Amino acid sequence: MSSATSTRAFAPFEWMVALRYLRARRKEGFISVIAGFSFIGIMLGVATLIIVMAVMNGFRQELFDKMLGLNGHVVVHSLGEFTDYDEVANRVRKVEGVKYALPLVEGQVLISTPYTSSGALVRGLREADLKSLKSISSNIRFGTLDGFDDNPGLALGSRMANSLNVKVGDEVSILTPRGPSTALGTAPRVKRYPVAAIFEIGMSEYDASILFMPLKEAQRYFSQPDKVTVLEVVLDSPDEVADLAPKIITAGGPTIYVSDWRQRNATFFTALQVERNVMFLILALIVLVAALNIISGLIMLVKDKGRDIAILRTIGATRGAVMRIFFIAGASIGVVGTVAGFALGVLVCLNIDRIRGVIAWLTDTELFPAELYYLSQLPADMDSGETGTVVIMALVLSVLATVYPSWRASRLDPVEALRYE
């Protein structure tokens with residue numbers, strides 16, 4: 001073996017020896033088992049991290065889209081009775097970055113049929129404004145929103161319609177305690193309405209508890225003639241709410257104040273973020289344990305190959321060459337395991353809902369029930385930056401795990417090794 005071959009970093013000779021050491025022989029079977037477990041550990045650790053982070057991202061994004069698709073990004077309140085809502089809405093719409101400004105009447109009711117009843121939240125909107133909410137207008141399952149203003153009817157969520165056992169054209173009764181005032185106090189108001197449309201936005205809580213009514217009819221029903229409860233403002237980008245809220249206040253005038261989606265959902269989204277960060281740290285320990293397995297496997301391999309190392313050193317291999325041989329052997333496990341974990345994670349993420357369905361069918365159980373997790377399907381949203389962080393972390397841990405055993409191999413004294421062999 002020439003000196004050039006022995007001293008050139010990562011020469012083919014070093015790769016050949018390193019990869020040969022990874023192949024099992026009968027007396028080295030235990031070492032190969034440890035290497036196999038290290039590979040499986042890193043693969044499963046990387047795949048699990050990618051899958052869990054993608055599912056949590058998808059869960060957050062789906063909730064974010066559905067919650068903000070139904071509710072305004074900014075809610076405009078009036079200090080007094082909100083009677084000049086059309087003028088305020090027109091001024092707010094002119095603010096750059098504002099997409100819609102929707103006058104809204106809101107109230108709690110009891111909705112019932114001859115067979116059952118449940119609580120519901122009524123949202124009174126004009127037909128054009130309701131159609132501008134794509135989370136509703138693009139998810140009409142039965143019926144239509146055409147003529148919504150002229151033919152007073154209700155648009156119900158699919159889960160509410162199922163629980164009441166009604167379909168389009170059926171009539172339901174709604175009751176509110178905020179009825180007409182009499183000498184004996186406020187009397188409850190009961191009125192029957194036909195079901196005009198049934199929607200399904202995919203968030204079980206909303207599909208089961210919200211119904212829409214024409215704005216004029218809602219004003220009459222809740223005894224708020226020419227008044228609205230709030231003005232809901234939809235922005236081009238919800239992330240710009242901090243910059244646009246002061247402009248909306250200025251445009252709306254001195255009689256208004258605003259709240260935004262961050263304030264209304266701060267606890268919810270903060271809890272999701274904390275849970276996501278903690279899950280990342282916990283699952284990263286899987287990769288760390290697999291990296292420690294690489295260390296133990298390489299240390300055992302170095303002890304087993306003491307005679308081979310001594311022979312390599314006596315025929316001209318440098319300390320650096322020996323170190324690189326064991327570095328390649330350990331890093332190969334980490335790199336191949338990381339690549340396999342990345343491929344497995346991506347494959348599962350692309351088919352996550354099908355896999356959920358298969359597991360649910362095999363176990364005869366309902367995984368991720370919509371009533372508990374709010375969503376009708378399991379989402380997965382892979383973030384390229386996050387996935388890259390997982391892959392880089394696994395590669396770095398794998399490479400660092402090989403440094404100490406490789407250094408130990410390079411410091412082995414060939415004379416001592418051959419003497420005790």
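The values are calculated or read from the model by the stated rules, or taken from the named source; none is laboratory data. Keep in mind it's a predicted model, so treat the numbers as computed, not measured. Note: ideal-geometry Cβ built from the backbone for every residue, glycine included; neighbour counts use all protein chains shown. Note: areas computed on protein heavy atoms with side chains; ligands, DNA, RNA excluded. Shrake-Rupley method; radii C 1.70, N 1.55, O 1.52, S 1.80 Å.
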> So what is log10(I(q)/I(0)) for the range 306-367 at q = 0.15, 0.19, 0.30 1/Å, when the Debye sum runs over its Cα atoms only?
Replying inline: -0.64, -0.80, -1.10
>> Let me cross-check Ser237: its accessible surface, 1.4 Å probe, with only protein heavy atoms counted, in Å² to the nearest 10?
In response: 30 Å²
> For the range 196-266, what is the accessible area per residue in Å², given a 1.4 Å probe and the full set of protein chains?
Replying inline: 40 Å²
> Which three extents, in whole angstrom, do the alpha-carbon atoms of the chain cover along their principal axes, largest first?
Replying inline: 111, 52, 37
>> Just to confirm, what accessible area per residue do you get for the range 37-179 at 1.4 Å probe, in whole Å²?
In response: 43 Å²
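Rank these by accessible area, largest first, 1.4 Å probe: Val390, Val258.
Numbers: Val390 0, Val258 35 Å².
Most to least solvent-accessible, the answer reads Val258, Val390.
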> What do you reckon, how do Phe148, Phe268 stack up by accessible area (1.4 Å probe), largest on top?
Replying inline: Phe268, Phe148
> How much accessible area does Trp407 have with a 1.4 Å probe, in Å² rounded to the nearest 10?
Replying inline: 120 Å²
>> Which lysines, if any, have their Cα less than 23 Å from the Cα of Lys305, not counting same-chain residues under 8 positions apart?
In response: Lys27
> Heavy-atom accessible area per residue, the range 328-369, 1.4 Å probe: how many Å²?
Replying inline: 57 Å²
>> Based on C-alpha coordinates, I'd like the Rg and Dmax of the range 60-117, in Å.
In response: 16.1, 50
>> On a 20 Å Cα-Cα criterion, which of the cross-link pairs Lys99/Lys227; Lys191/Lys216; Lys167/Lys191; Lys131/Lys247; Lys94/Lys247; Lys134/Lys216 come out too long?
In response: Lys99/Lys227; Lys131/Lys247; Lys134/Lys216
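Regarding the range 152-297, what is the average projected area of its C-alpha convex hull, in nm²? Spell out each step's value before the answer.
Details: hull surface 64.8 nm².
The directionally averaged projection comes out at 16.2 nm².
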> Using every alpha carbon pair in the range 227-353, what percent of pairs falls into each 5 Å bin from 0 up to the bin containing the largest distance?
Replying inline: 2, 7, 10, 10, 10, 8, 7, 7, 7, 6, 5, 5, 4, 4, 3, 2, 1, 1, 0
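Given the Cα-Cα distance of Phe268 and Thr250 and 0.36 nm per residue of separation, how much length would full extension add, in nm?
3.6 nm
Roughly how many debye, to the nearest 20, is the charge dipole of the range 79-181 about its Cα centre, given +1 on each Lys and Arg Cβ, -1 on each Asp and Glu Cβ, and no other charges? Walk me through the numbers before you get to the answer.
On the way: 12 positive and 13 negative charges, 95 e Å.
Using Cβ point charges on Lys, Arg, Asp and Glu, the range 79-181 gives about 460 debye.
By accessible area of protein heavy atoms, probe 1.4 Å, what ranking do Ser158, Ser163 get, highest first? Mind dumping the intermediate values first?
Values: Ser158 15, Ser163 70 Å².
Listed by decreasing accessible area, they come as Ser163, Ser158.
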> Probe 1.4 Å, all protein chains in place: accessible area of Glu205 in Å², nearest 10?
Replying inline: 90 Å²
>> Taking every alpha carbon pair in the range 99-209, what does the distance histogram look like in 10 angstrom bins from 0, in percent?
In response: 14, 45, 31, 8, 1
>> Quick check: residue separation of Asp383 and Arg356 times 0.36 nm, minus the Cα distance between them. What number comes out in nm?
In response: 7.6 nm
> Each label point is 7 Å from the Cα along the Cα-to-Cβ direction; what then is the distance between the points at Leu281 and Val190, in nm?
Replying inline: 5.7 nm
> Within the accessible area of the chain, what % is carbon and sulfur when the probe is 1.4 Å and the other protein chains stay in place?
Replying inline: 60 percent
> Suppose R0 equals 60 Å; then what is the FRET efficiency for Thr83 and Val339 from their Cβ-Cβ distance, rounded to the nearest 0.05?
Replying inline: 0.40
